[in-house]
Amino acid sequence: MNKRMTLKVLAGFVLVLGTGAALAADPIRIGSVLSVTGPAAFLGDPELKTLQMVVERINKSGGVLGRQLELVHYDDATDAAKANGFGKRLIESDKVDILVGGTTTGSTMSMVPLAEKAGIPFVSLAGGVPIIEPVKKWVFKTPHTDRMAAEKVFEDMKKKGISKVGLLSETSGFGASGKKETEAVAGKYGITLVANETYGPKDSDMTAQLTKIKGAPGIQALFVFGLGQGPAIVTKNVAQLGITLPHYESHGVASDEFLKLAGKASEGVRMPSPALLVADKLAASDPIKKVVVAYAKDYKDRYKDDASTFGGYAHDGLMLAVDAIKRAGTTDKEKVREALEATKGFAATTGVYSMSATDHMGLDLSAFRMLEAKNGDWVFAK
Amino acid sequence: MLSEFLQFLFSGVTVGATYALAALGFTLIYNASHVINFAQGEFIMLGGMLTVAGVSAGLPLPVAIALAIAAAAVVGMLVVRFAIQPAKGADVVSLIIITIGVSLVVRGLTQISLGKGTHSFPAFSGSEPLHVLGATLLPQSLWVLGVTAAVVALLGWFFSRTLTGKAILATAYNRLAAQLVGISTNKVLFLSFALSAALGALGGVLVTPITMTSADVGIMLGLKGFVAAVLGGLGNGLGAVVGGLLVGVAEAMAAGYISSAYKDAVPFVMILFLLFFLPRGLFGARVTERV
């Protein structure tokens, strides 16, 4: 008997043994391409850990629609071309029911045409505006956009009567997109960018750029748009140069690591952040308090490491997908897509999601909290 | 105006000194084997990351530093034993490609064992900036500059006054002749890798309080260090230092006076022009090839 025959016979047995039981045990397959290694590893690593943790938790409590979840994941090593290849594999040979992933905007955009063509719901974990603008039928995303971060910062500046701002952005994808969006929305808030400088993501000294910004005529505040270690070095350089301008950062530094790296120099830095960073300080009446605190605790218990806001995006993406499948009552792709689009008032770690046919992210500015660094900790800014 | 210029200069010199230390490592190995060791950046990374690991394991800073440098030297020798020697007889280009592979392995292992996060430890003499004519300079920058100067002086003495140093130079000049006069060229290879790994690690330790460190800092430092080494004329210690400082200062001036957007292009444009007009670098030997 050759192999194929054996398989056929086995399949026959399974069918005979009880069609109902076999179907019920058939897992819901969740496909994910994440940047677990490479430059975006600090995003992809907590994302994968979060997905694995949440899938385990759901399976322990009986799964979804009586079926277990199965996570099929690949690491694109922060390479958009690889993400495309893995996306194809997930759709064509792994036959997943839904895609949750795409750590960077580049990886996501390389998989968007695949999801659109195959007609498979895709919840991205990346921040870029192009993912949801123009709206794509099958594509959703969980993090706020960089435009919202800029808007939140400008809102705060406006309240303080600041109108002349020096922008220092990173030349990475995150910073470049942030720079573009910042320039685009500045006018709406009556803000003029009196200086506009950049630095490389691996640069080790930004005092030259800061000296230039410091000398810009009429400057009232500094806004830095970057990710990871760069902003921490900028913050140290600001202290070194004795610059006392109000200092704003983007949500790219929303971590305790930033405070540790920048040390005392971080005092007074303000930034828009998801609530996760201040989970324990949220008001008890906050609609997302319960979810955030539970996620932060689970993550810490499981991995002995603080949960990051990036892992939070993955948590929200998966929970949105699970919620949609539950409401659809099936894994039929079109029905799940419709359910995702109809998500209303869904409390997750990043904020309360309410999607619509024209909004595939479903967050507003209130999902960002303005925080300030005080004595080595993040507190709500006044 | 003067204070601005000084600030740009300090910024350039600080960054340049880190490039110089990387360039020195390239120079050492190039001298001994004519191999351009693209894993040099990883030795720098190892210095910083291993010190961080030592400190977080509870060791006092000086002990952690010493251990990190020693460990990097051992890694350098392991590289020779398991990557360079098995390819004995391969041409230089193959060896260079092997070093790229080595750098990927070292970086990957570090990411797995020590994590992917960014770390730092406190500066040696505080982080209160020094004020000079309206510009500011961190005390740690002086440490970097001072140690770089000391290392250059020591290396100069080592190569011109000690038998071992001369053996390395002889091997570089003519491998066969060196073997014939009784120099173990094998030992020289081990020694030069260990030395340049230790040197790179020392540089990594010194710059970490300023630049911070993570498993992937080696890529950029290695690349800029290579530019600096070529600029100074490969194989020349003093040239490496001058090249490093030049690249750093040119970057800072470009960021300050033109636009930070062009900053990273500056060293590469510099090297293009240099290769056109002075193909052996600023301090390279002026050799005329006989036809």
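The values are calculated or read from the model by the stated rules, or taken from the named source; none is laboratory data. This one's a predicted model, so the numbers in the text were calculated from it and none came from an experiment. As a convention, Cβ positions derive from the backbone with ideal geometry for all residues, glycine included, and neighbour counts pool all protein chains shown.
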Say whether the condition of being in the same structural domain as A:D316 (by TED's automatic domain parsing), more than 18 Å from A:T349 (Cβ to Cβ) and at pLDDT 75 or above is met by at least one residue in the stretch A:9-25.
no
Take B:F226 and decide whether it is free of Cβ contacts under 8 Å to residues at least 12 places away in the same chain, more than 14 Å from chain A (Cβ to nearest Cβ) and of a type in the set (A, V, I, L, M, F, W, C).
no
Among what's in the stretch A:240-252 and is within 12 Å of another protein chain (Cβ to nearest Cβ) and part of a loop (DSSP other than H, G, I, E, B), pick the residue that is modelled with the lowest pLDDT.
A:G242
Test B:A198 against the stated conditions and say whether it is away from chain A (no Cβ under 14 Å) and crowded, with 17+ Cβ neighbours inside 10 Å.
yes
Set A:T235, A:T171: member being within 14 Å of another protein chain (Cβ to nearest Cβ), modelled with pLDDT of 90 or more and under 26 Å from the mean Cα position of the chain (by Cα)
A:T235
Among helices (runs of 4 or more DSSP H) entirely inside the stretch A:30-122, those with 2 or more residues being farther than 20 Å from A:V139 by Cα and in contact with a Ser or Thr (Cβ under 9 Å, 6 or more places away or on another chain) are A:41-60
Determine, yes or no, whether B:T99 is within 15 Å of B:S196 (Cα to Cα), of a type in the set (S, T, N, Q) and part of a helix (DSSP H, G or I).
yes
Looking at the structure I just gave you, is A:S255 away from chain B (no Cβ under 14 Å), touching a residue at least 12 places away in the same chain (Cβ under 8 Å) and among the small types (G, A, S)?
no
Looking at (1) within 10 Å of another protein chain (Cβ to nearest Cβ); (2) in contact with a helix residue (DSSP H, G or I) (Cβ under 8 Å, 6 or more places away or on another chain); (3) at negative phi, which one does A:G228 not meet, given that it meets all the others?
(3)
Matching residues in the stretch A:37-66 - criterion: being surrounded by fewer than 18 Cβ atoms within 10 Å (Cβ to Cβ) and in contact (Cβ under 8 Å) with a residue 40 or more places away in the chain:
A:R57, A:I58, A:L65, A:G66
May I ask you to say which residue of B:A22, B:A71 is away from chain A (no Cβ under 14 Å) and outside any loop (DSSP other than H, G, I, E, B)?
B:A71
Suppose we filter the stretch B:1-39 for residues that are over 23 Å from B:V132 (Cβ atoms) and of a type in the set (S, T, N, Q); how many remain?
4
